[in-house]
Every structure is written in C-alpha cells, then in structure tokens.
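For reference, the structure discussed in these notes is given below.
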Amino acid sequence: MRRVEPQVRLIARPELDYDEVADYLAEVGGESWLERVDRGDLDNAQNLAEFAGRICYRSWEPGLNPNVTRIRSDQGEYLRNILASAHGSVLEHVSFSFVLHNVSRVATHELVRHRAGAAVSQESLRFVRLDDLPFWFPQWAEQDTELMERATVLLEQMEAFQGWMAGHFGLEEEGVRFSEKKAKTSFMRRFAPEGVATGLVWTANVRTLRHVIENRTAPGAEEEIRLLFGKVGELMAKEAPALFGDYQVQDGAWIPGWRKV
C-alpha cells in the first residue's frame, strides 16, 4: 500500500491563430480590436472569450453595428460584463485540459456526473493490472492511530491478494494472450477498493469549470473532490484572472461573484 496525494496538472490551453483572426477582422472592419489585445500564451483564453463575445454584437469598434455607439475597450472590464450578464455561451469556446493524478474512484465517480462541456479519458483497470494499491487518507483519518493501523492491514491484504491472483492466473508466464490478461485483470479489479488512486485527463470549457469549481468546493461536497477542485481553482485564477478572478474563497469554498453564467 502506497500513500499518495491528489495532484492536478494543467496540460493544455487554447491557442489562437492570430493570422486568421486578422484576416477575418480586416473583412468586417474590426482590426483595431487586434491592436488592443495582448498576444502572449497566457492571454489566448481571455482573447478567445472576448472574440466570441464581440462577434455576437459586431462590437469590435463603434459604428460597425449601427446600434453600438460605444464599446468597452478594456478586456478585464469587458469580460466582467460577460460574467455579470450571464452570457455563458461565450465561455464554452474556451477549454482547458488537466491531468488528475492519484485521485480515487470515489472522486472520479462524482466528477463524471458533470458531462456537459467536459471530456474524460480515465486509466482503465480492465487493462492496467494493479500491483500496488495507492491510497489517499484525509488528515483527520491519519490522526486516528487505530483506524490507520486497521486500514493499513486491510489494504496490505488486498494488495497481497492482487499479487496472488496474478500468480495463480499465470499472467507473467510467456505466451499468455493479451485477451486472457485483459479478462483476468478485469476480474481482479473487483477486489480493489473504490478508494484506490487512479488517473485521468479531464477537459472542460470555462462555463463548465466555473460550475464545477463552485459545486465541488462547497462545504457539503465530498472532501477529496473539494481538495481537488480547490487546486483547479487556484490554477485557473492564475491562468485566466479575468475569467476566474471574481471568486472569493471561504473555508475552502470557491464562491463566484456571478453564478449561473
């Protein structure tokens, strides 16, 4: 049994093709917008959200839409207005991908309930044979000596049973077909606890991210997923402050300034 800590890594973010953006803006008369925005790697997400919002009203500059006589030229102010007016569809164009590492199936079973605006690729224990049982313990459990002693014994027994089954089925012997390994591995995972740590790639758009961060850090949420999405919130507040800077953190709960975007 190996004790682990849930981890989050941001591995992919939006990337704009500014040449194509410039061609489009030249055609519709919005070149001045591109002159105003920063084009650094960390600005792409916010630029994409603003681009999507401005195309809805042709608000690149005053006069392109006869109904628009003035515009918000500051990106932070513009995106705050998007959040405040609950124009959430704009945020669906902006997606981020995370590796969630050493997270239990308790947490992933909760996470996959958030299907809209998300994509999941999870380590399959039908194919990946367990040779140890990585496990996370909350701090309060670690402070309970008897609980930890009994839990450790139980997990070590389950881990030993995994090893015994692999030997009993001869999975290390030469010539065993992969289909046979897969079938036996699928059976063996039934004897692993739901708390065994696993990994997945999780991709979500900003609208979904805002919803999940709020819901899964709320006081009533399961404690591991609260820990996990507290880390996601910290990453996103640094990554795209104009899209996530309205949150207030109170006792681990991420409370947005604007809900239901």
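Quickly run through region 133-169 and pick out the residues that are of a type outside the set (A, V, I, L, M, F, W, C) and either modelled with pLDDT under 95 or farther than 29 Å from E180 by Cβ (or both).
Result: P138, Q139, E142, Q143, D144, T145, E146, E149, R150, T152.
With region 1-88 as the region, which helices (runs of 4 or more DSSP H) entirely inside it contain at least 2 residues that are within 24 Å of G245 (Cβ to Cβ)?
Result: 31-36, 44-57, 75-84.
List pairs: first in region 60-78 and within 17 Å of A45 (Cα to Cα), second modelled with pLDDT of 90 or more and among the hydroxyl-bearing types (S, T, Y), Cβ under 7 Å, 6+ apart or cross-chain?
Short answer, once both residue conditions are applied: none.
Is it the case that region 226-240 has a residue that's over 22 Å from E5 (Cα atoms), basic (K, R) and crowded, with 18+ Cβ neighbours inside 10 Å?
no
If you go through region 91-110 one residue at a time, do you hit one that is of a type in the set (D, E) and over 18 Å from G230 (Cα atoms)?
Checked against the condition, which is being of a type in the set (D, E) and over 18 Å from G230 (Cα atoms), region 91-110 yields at least one hit.
Filter region 91-148 for residues that are of a type in the set (S, T, Y) and assigned to a strand (DSSP E or B); which is surrounded by the fewest Cβ atoms within 10 Å (Cβ to Cβ)?
Checked region 91-148; the qualifying residue surrounded by the fewest Cβ atoms within 10 Å (Cβ to Cβ) is S121.
Residue under question is G195, and the condition is that it be of a type outside the set (S, T, N, Q) and touching a strand residue (DSSP E or B) at 6+ places or on another chain (Cβ under 8 Å); does it hold?
Spelling it out, G195 is indeed of a type outside the set (S, T, N, Q) and touching a strand residue (DSSP E or B) at 6+ places or on another chain (Cβ under 8 Å).
Here's a check for you: in region 72-87, which residue that is surrounded by fewer than 18 Cβ atoms within 10 Å (Cβ to Cβ) and among the aliphatic types (A, V, I, L, M) is nearest to the chain's Cα centre (by Cα)?
That would be A86.
The values are calculated or read from the model by the stated rules, or taken from the named source; none is laboratory data. Computed from a predicted model, the values in this text were never measured in an experiment. So basically every Cβ, Gly included, is an ideal-geometry build from the backbone, and we count neighbours across all protein chains shown.
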